[in-house]
Amino acid sequence: MQSVVGVRFQKLGKLYHFSAGNHQDIEPGDHVIVETKRGRQLGQVIGFIEPDKVFSKGRLRPIRRKANPRDLVMQQVWQEKELSALITCRDKAHDMGVKDVKFVKAEYSFDGSWLIFYYNTENRKLRLTKLRNSLGNAFNCRVDMQLIGPRDVAKILGGYGACGQPRCCSTFLTEFSPISIRMAKEQGISLNPNEITGMCGRLRCCLIFEYEQYVAAKKQLPRYGKTVGTPEGDGRVVDVRAMRDAVLVQLADGRREEFTREQLEPLAELKALQEKAEQGCSKHEGGGCDCGANKNGDN
């Protein structure tokens, strides 16, 4: 069975699977040269992948060789030219009258044979063919234009989030998970757009971090508006505090007190059981019950 390794091309980029082939001396942390759709690229081995976790059912691209010191130096040389390339791209786009587009980053391949410009736009009809051809002639290499979303833009630009901490996307997130408004509702977060929207203009990535814990905790607690019994008397649930494993209850005298799950009595469930016990088994009374009483001769 072939050895499969996970290779990352950017510090917080996605993990891509490649076949290690005959390179048995490869270890996590090594830099390797691999074959991609954009030619040969330099990436870093993150670890070995279990066969059942390989997401590609087809033939995996092979690792060509381990990177040598010259490859690493050349990558740094080309990286230093990326800012200048980005400025040139923006200037040419302005001169050609290209509008409604934001060029975010320029990225060279490790040997300078490819140059990728990452951009964001809401204009689906935008065509950058002329600009790409012009840049290809200016830099004398193959140029590609890569459309990215608002979350990827925030990831590249970095900076701080509304919480005052460095943005999650540019700190440790390698992939973006689907975020929905339901996640904010489950956690009792205000639905004010300023409270749940990130710097990218989309729902904050952090809404998913504790979502499953809130859902699991709420299953063990009474819902909002439920009538419950407490050591201070009966009352109605006015707030669910899932992470504290407690609820806020408004008592009959108007006071509001917090009680843990162990202090609560589910009055509705207890009342239902009591009514069922009082009603008894109608089939048993009619002689057609199969609960075992008739079989023993007890009525």
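The values are calculated or read from the model by the stated rules, or taken from the named source; none is laboratory data. What you see is a predicted model; the values in this text were computed from it and never measured. All Cβ positions, glycine included, derive from the backbone under ideal geometry; neighbour counts span all protein chains shown.
Scanning segment 193-204 for residues that are part of a strand (DSSP E or B) and either over 12 Å from the mean Cα position of the chain (by Cα) or over 17 Å from Gly158 (Cα atoms) (or both) yields a single hit, Thr197. Anything in segment 37-89 that is without any contact (Cβ under 8 Å) to a residue 40 or more places away in the chain, among the polar types (S, T, N, Q) and surrounded by 16 or more Cβ atoms within 10 Å (Cβ to Cβ)? List them, or say none. Result: Gln44, Gln75.
Applying the selection to segment 224-243, what residues are part of a helix (DSSP H, G or I) and surrounded by fewer than 16 Cβ atoms within 10 Å (Cβ to Cβ)?
Going residue by residue through segment 224-243, those that are part of a helix (DSSP H, G or I) are 242-243.
Residue satisfying the conditions is Met243 alone.
Yes or no: Val32 farther than 27 Å from Asp152 by Cβ, at pLDDT 85 or above and not assigned by TED's automatic domain parsing to the domain that holds Lys130? Give the steps one after another, and end with the answer.
On the way: farther than 27 Å from Asp152 by Cβ: no; at pLDDT 85 or above: yes; not assigned by TED's automatic domain parsing to the domain that holds Lys130: yes.
Spelling it out, it is not the case that Val32 is farther than 27 Å from Asp152 by Cβ, at pLDDT 85 or above and not assigned by TED's automatic domain parsing to the domain that holds Lys130.
Quick check, is Leu15 of a type outside the set (Asp, Glu) and touching a residue at least 40 places away in the same chain (Cβ under 8 Å)? So Leu15 passes the test.
Screening segment 107-149 for residues that are in a loop (DSSP other than H, G, I, E, B) and hydroxyl-bearing (Ser, Thr, Tyr) and picking the one that is farthest from Gly39 (Cα to Cα) gives Thr121.
Candidates Leu248, Leu207: the one that is touching an Asp or Glu at 6+ places or on another chain (Cβ under 6 Å) and either surrounded by 15 or more Cβ atoms within 10 Å (Cβ to Cβ) or assigned to a loop (DSSP other than H, G, I, E, B) (or both) is Leu248. Among the residues of segment 171-204, the one identified as at positive phi and either in the same structural domain as Glu265 (by TED's automatic domain parsing) or surrounded by 12 or more Cβ atoms within 10 Å (Cβ to Cβ) (or both) is Gly188.
Considering each residue of segment 91-124, count those that are farther than 24 Å from Gln76 by Cβ and more than 29 Å from the chain's Cα centre (by Cα), and give that number. Walk me through how you get there before you give the answer.
Step one: list which residues in segment 91-124 are farther than 24 Å from Gln76 by Cβ, which gives 91-102, 119-124.
Still in the running and more than 29 Å from the chain's Cα centre (by Cα): 91-99.
Summing the residues that are farther than 24 Å from Gln76 by Cβ and more than 29 Å from the chain's Cα centre (by Cα) in segment 91-124 gives 9.
Close contacts from segment 198-209, counting a first residue that is under 21 Å from Thr121 (Cα atoms) and a second that is assigned to a strand (DSSP E or B) and modelled with pLDDT of 90 or more, with Cβ to Cβ under 7 Å and a gap of 6+ residues or different chains, come to Leu203/Thr197; Arg204/Thr197.
Against the list (1) of a type in the set (A, V, I, L, M); (2) assigned to a loop (DSSP other than H, G, I, E, B); (3) under 30 Å from Pro150 (Cα atoms), the condition Leu221 fails is (3). Of all the residues in segment 251-267, those that are surrounded by 12 or more Cβ atoms within 10 Å (Cβ to Cβ) and either in a helix (DSSP H, G or I) or on the phi > 0 side of the Ramachandran plot (or both) number 3.
Can you tell me how many residues in segment 89-141 are under 28 Å from Arg70 (Cβ atoms) and in contact with a Ser or Thr (Cβ under 7 Å, 6 or more places away or on another chain)? So the count comes out to 2. The lone criterion from (1) under 23 Å from Leu15 (Cα atoms); (2) part of a loop (DSSP other than H, G, I, E, B); (3) among the hydrophobic types (A, V, I, L, M, F, W, C) left unmet by Cys163 is number (1).
Here is a list of conditions, (1) under 18 Å from Thr88 (Cα atoms); (2) of a type outside the set (D, E, K, R); (3) touching a Phe, Trp or Tyr at 6+ places or on another chain (Cβ under 8 Å); (4) not in a strand (DSSP E or B), and Val104 meets all of them except one; can you say which number that is? Unmet for Val104, out of (1) under 18 Å from Thr88 (Cα atoms); (2) of a type outside the set (D, E, K, R); (3) touching a Phe, Trp or Tyr at 6+ places or on another chain (Cβ under 8 Å); (4) not in a strand (DSSP E or B): (4).
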